[in-house]
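Values quoted throughout were computed directly from the atomic coordinates according to the rules given, and no laboratory measurement underlies them. These numbers come from a predicted model, not from an experiment. Ideal geometry is used to build each Cβ from the backbone, glycine not excepted, and the neighbour counts take in all protein chains shown.
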C-alpha cells in the first residue's frame, strides 16, 4: 500500500514538473521583432537584373484596400522584373497575422498600420526599415510627388524617414441638411477662418435641433462630438495630456497629465454635452438605434457629427442630404482637426527593399493617386494634385466645401495619437474600459481620471 | 383549450404502470417549455427575417419583425458579392477531412489509453491532457514556422493534417467512453482470435455511436467556425473559407455593414451543422436504446 502511494506521488510530481516546464517554454522568449530568421541575410542585396522578383503587399481584406490588385498589371508592365502579390487579412487579425509572418520568415515587404497597432508600435518593435539610404540612392523628393513636407515630417524620427504618406484622412463635421432645413437654421460654415463658428455656437445650434421624447422614432439629437480617441480629446480645448518629447523620441512620453485639473475640465465639458446640455445621445441610445458601431448619424437621428473623413465614403447612400463643415474652434487656435495620415512602410524583414520602394513610388504618383480615388470608393489621396479630383467625388456635397474643410484641417491639424504613441492599442483599450462608467453617468471624471493616469504610465513603461 | 397530447400508450401487461394524469403541473410545465422554446428560436427567426429584408429596411428603428417585401434576391446577391459558392465548398472539404482525421486518430489513441494498463499509462495520459493547457497564441508562431519550412503555406494542409494527429479533448472524451465497455466483450474477441486492431474496429467502434457522434459534431463545428487558422495560412482568395469571407462584411468598406447579406450568409452557413446534428442525433438515440436493452 505504501509503495503504491509513493509511486502515485512520484508520478504526480513528475507530471506536474513536466507540465510546468511545458508552460514555461511557452511564455517568455523573444518577441516577434527579435526573431530574425535566416531570411535576413540578403536584405542588403537587391535581386540580380533579369530575375523576376516578387514583393508582397500586406493589407486589409476589404475592397477599399484590395483595389490595388487592379493596379498591378499596369505596374508590372512598367517594371517587368517586379511581380506584386497582395496578402490580405481581416482587420481584427491583421496584427496577429503580421507578427506571425514576420516571425516565420515570410515577412511582407510593404504594408501600413491598418490594424490596431499604429506606426509608433511598429517603430518601437523595430519592425521598420529606415528609408534614408534608398531615398538617397533613388533621388526621391516628396515635392516631385506633390506630397506636402509637413506630412513627410510625421513619419520621420530623428531625421530618418520610415514611412511615405499615401492617404490622408482628416476630422470634419458632417451635418444633416434636412434637419437644419426643418429647424430653419443656417448651415454650419466650411471655412476654418469663420470666427463665429465656435464650440459654444455649435452647442447652441444643437439645442435647437434636439427633440427628446418617449417615442424613440421621434427623438433626435443635435450633435455627436467624437473628436479622435479618448486620450486625445483634451488637445481640442488646448490642453496637452502627453509631454512634448513624445513627438520627437518615437512616441514614448516621459510624463502624462491625465489627472490634472485642466485635463479633467476638458472631459467634463465633453460629458456635459450628454448629461448637462443634453444635446448628445448616450452611448446606449446610439447603440440601440444604430447597432454595435453606434453610428447614429447614419440613421438620420443626429444633426451634426464630428468624425473622421472616412465617414464621407458611404454618404452617397444616406437617406438624407449631407453637408460638410469645419470643426468649430474650441480654445486651441493651433489644432482643430485630427489628421490620419496612412504611410506605406517597408518592413525590416523584406528581402527586396529597392523593388518595394518602386511599388511605393508608383502608388503615390499623381495619376495613380487620382485613379485610386475611384477604385477605392473614395480614399483621400495625400497627393495635392490628385486631391482636386477627390473633392468632386461626393454626390450632393459642394466640392468647394470639401476642399475648404480639408485644407483647413491640414492647416489646423495634428496627427492622430494612435499613430504616434507606443503601445497605443493597449492604452486605447484601457481608456475605453476605465471611462465606460462615465458614458453611463455612473461615475464622475474626478473619480476616474487618477486611475487612468496611473495605468497609462504603467502601459508606457512596458516594452 | 390547451392541446395536451393524450396520455401515452399504456403498457397492457404492466400492472405497476399508472395512468399519466393531465393535471395543472403538466399544463404549466408544457407552457413553460413552449415559451422557452419560443425565446430560444427568436434569434433564429430574426436572422432569417433579416436575411429577407432590403437594405433600407435595416436602418429602420424600431426594427420590424417581418420584412415589408420579401427580398429573395438577397440569396442570389450573396453569390455575386462574395465568392460564396467556392468558400462554402472549401469550408466543407476542410470540415469533412477534419472530422475524418479527428475520429480516426482520437479513437485509436483513446482505445490505447483505455484498454492498456501498462507502466506509465497515467503519466502519458496526463502529459497528453496537459497539451490542452497551451493556448493557441503560444503555438501559433512555431507551428507557422514548421509549415512554412514544409512549404505548406497557402494550402489546406496546415488546416487538415493536424487533425490526423489526435486532439487532446476528443481523446479524453473517447477514452472515458471506451473504459466503460465491458472487458468480457474483448475477452471473447481475443479468444476467437481477433487482433487488437480488429477488436477496435469491430467491437469498440460500433458500440461507441453516441461518443463518436459527439466528437464528430465538436470537430466539425470547430473547423467550420475557425477564423484565425485559415487567416494565417491561406492567401489566395479562391482558397478562403466561409468565416474569412464573411469577415470582410464588417470591414471598413461598408459604412453600414450589409446585415441582410451577412444574415443570408449565416443562414446558409448554418445548414451543414444543422444537418450533421440531425444525422448524429439519430445515432444518439440509437445508442441510448441499445444500452437500454443491454
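Here is how the numbers come out for the structure above:
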| item | result |
| --- | --- |
| Most mobile listed residue (B:264, B:35, B:160) in chain B, GNM with C-alpha springs under 10 Å | B:35 |
| Distance-filtered residues of the stretch B:91-112 - backbone nitrogen under 17 Å, label point 7 angstrom along residue B:183 Cα→Cβ | B:112 |
| Sites residue B:274 and residue A:333 - FRET efficiency at Förster radius 60 Å, r taken between beta-carbons, to 0.05 | 0.45 |
| FRET efficiency estimate (nearest 0.05) - Cβ-Cβ, residue A:126 to residue A:76, R0 35 angstrom | 0.65 |
| Reciprocal of mean inverse Cα separation for the protein assembly as shown (Kirkwood radius, Å) | 30.4 |
| Calculated FRET efficiency for the pair residue B:132/residue A:153, C-beta based, R₀ 41 Å, to 0.05 | 0.20 |
| Two-site label geometry, residue A:244 and residue A:361: point separation in nm, points 7 Å out along Cα→Cβ | 3.8 |
| Gain on full stretching of the segment that runs from residue B:35 to residue B:225 - 0.36 nm per residue minus C-alpha separation | 65.5 nm |
| Radius ratio Rg over Rh of the stretch B:81-293, counting only Cα atoms, Kirkwood formula for Rh | 1.04 |
| Theoretical gain in end-to-end length, residue B:81 to residue B:197 [0.36 nm per residue, Cα-Cα removed] | 36.8 nm |
| Alpha-carbon centroid distance for the pair the stretch A:91-122 / the stretch A:262-288, whole angstrom | 35 |
| Between the stretch B:121-166 and the stretch A:381-408, the alpha-carbon center distance in angstrom | 51 |
| Label-to-label distance, nm, for residues given as residue B:28 and residue A:444 (7 Å Cα→Cβ offset) | 5.0 |
